[in-house]
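The values are calculated or read from the model by the stated rules, or taken from the named source; none is laboratory data. All values derive from a computational prediction rather than experimental measurement. Side chains included, ligands, DNA and RNA excluded: accessible areas come from the protein's heavy atoms. Shrake-Rupley method; radii C 1.70, N 1.55, O 1.52, S 1.80 Å.
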Amino acid sequence: MNDTIISLARQFDAARGANFWVDMNDDHPEKLVGRPLYESSDMPSALTAGTKIAVYGDFSQYAIVDRIGMSLHYNPMLMGPNGRPTGQAGWFAYWRVGGDVLTPNAFRVLRTKA
């Protein structure tokens with residue numbers, strides 16, 4: 001969740017007794033409904049219709065894989081934005097990285113009502 005959405009979710013448990021939200025010390029992450037809560041500034045902060053504002057699930061069921069090997073290419077003549085040579089040379093490197101859900105039912109997305 002975005003920090004703005006987390007602040008709104010904190011207001012759900014105003015009485016601090018519903019076991020909905022657990023605040024730990026600085027050395028432990030906060031928990032929401034028994035799972036660690038992590039903030040992502042890339043998630044939307046606006047509550048517009050149909051916006052995906054949170055992901056809840058078991059992130060041990062998500063894998064990120066790097067493909068072995070990297071491609072490296074030498075470019076002896078770099079071109080500028082005008083299509084003319086800049087008098088510089090450069091290197092271009094890339095490799096493949098992928099990620100996917102191992103168990104689709106391990107995650108749920110919270111979307112605002114359209």
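Observations, loosely collected:
- Taken over region 37-114, the alpha-carbon convex hull comes to 183 cubic angstrom per residue.
- Nearest-10 value in Å² for the accessible area of Glu39, using the 1.4 Å probe: 100
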